[in-house]
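Contents: one structure, followed by commentary.
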Amino acid sequence: MAAVRSSTLWFMEAISAVLHVTAAIFIIGPMTIPRMTGMRAIRSGNALQLSSLAKSTALLGWLSLIVAILGFTLLTFVDPENKLACGTPWVVASIILYSAAVSITLSAVAPLLKRAGLRLNTGTPATE
């Protein structure tokens with residue numbers, strides 16, 4: 001006989017799911033905008049905007065850790081009958097893809113946008 005889950009666990013699972021999805025929408029979604037706008041700022045030679053976009057990209061990259069933390073929190077409240085854990089294939093795939101995306105954002109995209117902004121400030125070409 002299946003164990004009856006308490007209403008508190010069900011509520012915590014629902015709240016965790018809502019927070020995880022909402023954070024993904026409002027943090028991960030906007031993380032794509034500064035990258036595309038950054039290319040336009042490089043072409044137009046707008047160093048001030050490029051500097052701001054580099055800071056935004058780095059900030060959103062670090063804030064995206066909230067989405068990962070909420071995802072792991074959600075896993076702790078999921079009903080055991082769903083057989084959902086960190087070893088589930090789609091969870092492993094999302095962890096790998098998220099790790100790759102954040103690594104690229106924080107180690108390449110944000111620093112390169114910052115460097116392009118600094119080069120535009122000094123008058124050297126942003127791209128070579």
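The values are calculated or read from the model by the stated rules, or taken from the named source; none is laboratory data. Since we're looking at a predicted model, the values are computed, not measured. Cβ coordinates were reconstructed from backbone atoms using ideal geometry, including for glycine residues, and neighbour counts include every protein chain displayed.
Things to note:
- Qualifying residue in segment 19-37 (condition: surrounded by 12 or more Cβ atoms within 10 Å (Cβ to Cβ), under 27 Å from Asn121 (Cβ atoms), over 15 Å from the mean Cα position of the chain (by Cα) and modelled with pLDDT of 90 or more): yes
- Residue match in segment 98-116 (condition: of a type in the set (Phe, Trp, Tyr), under 30 Å from Ser6 (Cβ atoms) and in a helix (DSSP H, G or I)): no
- Any chance Leu53 is in a helix (DSSP H, G or I), of a type in the set (A, V, I, L, M) and either under 29 Å from Ser6 (Cα atoms) or without any contact (Cβ under 8 Å) to a residue 60 or more places away in the chain (or both): no
- Where Glu81 falls short, out of the listed (1) touching a residue at least 60 places away in the same chain (Cβ under 8 Å); (2) touching a helix residue (DSSP H, G or I) at 6+ places or on another chain (Cβ under 8 Å): (2)
- The listed residue being out of contact with any Gly (no Cβ under 7 Å at 6 or more places or on another chain), within 23 Å of Pro30 (Cα to Cα) and of a type in the set (S, T, N, Q), out of Ser51, Ser64: Ser64
- For segment 76-83, the criterion of being under 30 Å from Thr124 (Cα atoms), touching a Ser or Thr at 6+ places or on another chain (Cβ under 7 Å), surrounded by 17 or more Cβ atoms within 10 Å (Cβ to Cβ) and not polar (S, T, N, Q) is met by none of the residues.
Let's see how each residue does on (1) among the small types (Gly, Ala, Ser); (2) under 23 Å from Ser56 (Cβ atoms):
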{"site": "Ala68", "(1), (2)": "yes, yes"}
{"site": "Thr76", "(1), (2)": "no, no"}
{"site": "Val92", "(1), (2)": "no, no"}
{"site": "Ala108", "(1), (2)": "yes, yes"}
{"site": "Gly123", "(1), (2)": "yes, no"}
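- From the list Ala2, Ala14, the one residue that fits, being part of a helix (DSSP H, G or I), modelled with pLDDT under 90 and not β-branched (Val, Ile, Thr), is Ala14.
- Scanning segment 84-113 for residues that are surrounded by 12 or more Cβ atoms within 10 Å (Cβ to Cβ) and either in contact with a strand residue (DSSP E or B) (Cβ under 6 Å, 6 or more places away or on another chain) or under 16 Å from Met31 (Cβ atoms) (or both) returns Ser94, Tyr98, Ala101, Val102, Ile104, Thr105, Leu106, Val109, Ala110, Pro111, Leu112, Leu113.
- Against the list (1) in a helix (DSSP H, G or I); (2) under 23 Å from Thr22 (Cα atoms); (3) at pLDDT below 95; (4) hydrophobic (A, V, I, L, M, F, W, C), the condition Ala85 fails is (1).
- Residue within segment 21-40 that is touching a helix residue (DSSP H, G or I) at 6+ places or on another chain (Cβ under 7 Å) and not in a helix (DSSP H, G or I) present: yes
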